[in-house]
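Read the structure below first, then the notes.
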Amino acid sequence: MSVDHLTPRRRLRPTATVPASGPAREMLNLRDILREFLPIGSRTIRRKIAQGKFPPPDLRMDSKIMLWRRGTVERWLDENQC
C-alpha cells in the first residue's frame with residue numbers, strides 16, 4: 001500500500017513574523033496585555049471590562065477577539081496606579 005497520497009505536494013512557506021515594533025505592535029490582544037502589563041487571569045480582566053473598571057476594547061472583531069491600542073492600556077495603567 002502506497003502512502004504517496006499523504007505527502008504534501010509542495011512545502012509550506014513559514015508564516016510571516018510580526019515586527020517587534022511599528023503599527024502592528026500598537027494593537028494588543030488580551031494575551032499581550034496579561035503578559036506585558038497585568039499579572040491577573042483572563043477571566044478577571046473580562047470581569048473588569050464588564051464592570052467598567054478596565055477600558056473596553058478599541059476594536060472588537062467578534063465576541064472572542066478584542067484588541068486595544070497600546071496607548072489606551074498605558075493611559076489606564078497611569079491613571080490607576082495604587
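Here, each number is a calculation from the coordinates, and none is a lab measurement. Because the structure is predicted, anything quoted here is derived from the model rather than measured. Note that we place each Cβ from the backbone using ideal geometry, even for glycine, and neighbour counts take in every protein chain shown.
What the table below lists for this structure:
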{"read-out": "Sequence of W68, W76 once ranked by neighbouring C-beta atoms within 10 Å, starting from the fewest", "value": "W76, W68"}
{"read-out": "Over segment 25-82 - Rg/Rh using Cα atoms and the Kirkwood inverse-distance radius", "value": "0.92"}
{"read-out": "Residues F37, F54 arranged by fewest to most Cβ contacts within 10 Å", "value": "F37, F54"}
{"read-out": "Using θ = phi - 60° and Karplus 6.51 cos²θ - 1.76 cosθ + 1.60, couplings along segment 58-74 (whole Hz; Gly, Pro as x)", "value": "6, 9, 10, 8, 6, 5, 9, 9, 10, 10, 10, 6, 4, x, 4, 5, 5"}
